[in-house]
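See structure below.
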Amino acid sequence: MTAAATYGLFAAWALHDAEELLTLPRWVRTRVPELREAAPWVPGRVWRALEAVDEREFAVAVGVVGAMVASAAVAGARSGGRSPAYQTVLNGFGLHGLVHLAQAAAVRGYTPGAVTSPLLVVPFTLWARGRLRRAGVLRPARTGEVLAGLAWAGAAAGAAHVVARRVVGQR
């Protein structure tokens, strides 16, 4: 296994999340009001929660997730790619890129993360999984593995925002 496939996870994540850091605050201010109107079936608490995330909270949450991704990348490098944590985070990273694409399709326009997802997130994940496969260390992508990757991505984001709210003193 090369460092590009393991530490590359963190590098790809950092580039992807830079897009989100640069675009999310403005996107929320400009698009959420029209989306709220276009999607009245979405519970109001969802829109309020999205609008309540300020730039500081989001930046801290990104940092918290970054620490988790960096830890997984290190575990991957130390284990020659065998680390279950590394492979789960890698899978979650790629699957979350597909979620970004689905979000952009649902709103019929740009959503934060939608540019780097097809250009970086998904291709990197497929490339790294290919490296793991060729090295003979890739765990099979069974339903449980896929669900674990998605669950990790969702749980990491949720936990990161809980930590971030405490750090910035909100709620």
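The values are calculated or read from the model by the stated rules, or taken from the named source; none is laboratory data. Note that the coordinates shown come from a computational prediction; the quantities given were computed from them, not determined experimentally. All Cβ positions, glycine included, derive from the backbone under ideal geometry; neighbour counts span all protein chains shown. What goes into the accessible areas is simple: the full protein's heavy atoms, side chains included, and nothing from ligands, DNA or RNA. Shrake-Rupley method; radii C 1.70, N 1.55, O 1.52, S 1.80 Å.
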Query raised in the report: Looking at region 111-148, which of its residues are part of a loop (DSSP other than H, G, I, E, B), closer than 30 Å to V32 by Cβ and among the hydrophobic types (A, V, I, L, M, F, W, C)?
Result: A114, V115
Requested in this report: Output the number of residues of region 8-18 satisfying the condition of being of a type in the set (G, A, S), closer than 15 Å to S117 by Cβ and surrounded by 16 or more Cβ atoms within 10 Å (Cβ to Cβ).
Outcome: 1
**Report entry** Residue tally, condition in contact (Cβ under 8 Å) with a residue 40 or more places away in the chain and assigned to a helix (DSSP H, G or I), over region 152-171
**Finding:** 12
Report task. Go through R36, R48 for me and flag whichever is more than 16 Å from A14 (Cβ to Cβ), modelled with pLDDT under 95 and in contact with a helix residue (DSSP H, G or I) (Cβ under 7 Å, 6 or more places away or on another chain). Result -> R36
Requested in this report: Go through A75, A102 for me and flag whichever is open to solvent by less than 50 Å² (accessible area, probe 1.4 Å) and either without any contact (Cβ under 8 Å) to a residue 12 or more places away in the chain or not in a helix (DSSP H, G or I) (or both).
Outcome: A75
Query - From the options L21, L35, residue that is among the hydrophobic types (A, V, I, L, M, F, W, C) and open to solvent by 40 Å² or more (accessible area, probe 1.4 Å) - result: L21
Query raised in the report: On the given criteria, is L132 surrounded by 12 or more Cβ atoms within 10 Å (Cβ to Cβ) and within 25 Å of R82 (Cα to Cα)?
Result: yes
Query raised in the report: With respect to the numbered conditions (1) under 19 Å from W152 (Cβ atoms); (2) loosely packed, with under 15 Cβ neighbours inside 10 Å, which one is the sole condition not fulfilled by P43?
Result: (1)
Query raised in the report: When only residues in region 120-138 that are free of Cβ contacts under 8 Å to residues at least 60 places away in the same chain and among the basic types (K, R) count, which is nearest to W13 (Cα to Cα)?
Result: R129
Query raised in the report: Within the bounds of region 105-115, is there any residue that is out of contact with any helix residue (DSSP H, G or I) (no Cβ under 8 Å at 6 or more places or on another chain), of a type in the set (G, A, S) and free of Cβ contacts under 8 Å to residues at least 24 places away in the same chain?
Result: yes
Report summary line: Selection from region 19-74 of residues under 19 Å from the mean Cα position of the chain (by Cα), of a type in the set (S, T, N, Q) and farther than 15 Å from G113 by Cα yields S71
Query raised in the report: Assuming T116 fulfils every condition listed in (1) at pLDDT 95 or above; (2) among the polar types (S, T, N, Q); (3) farther than 16 Å from L9 by Cα apart from one, which condition is it?
Result: (3)
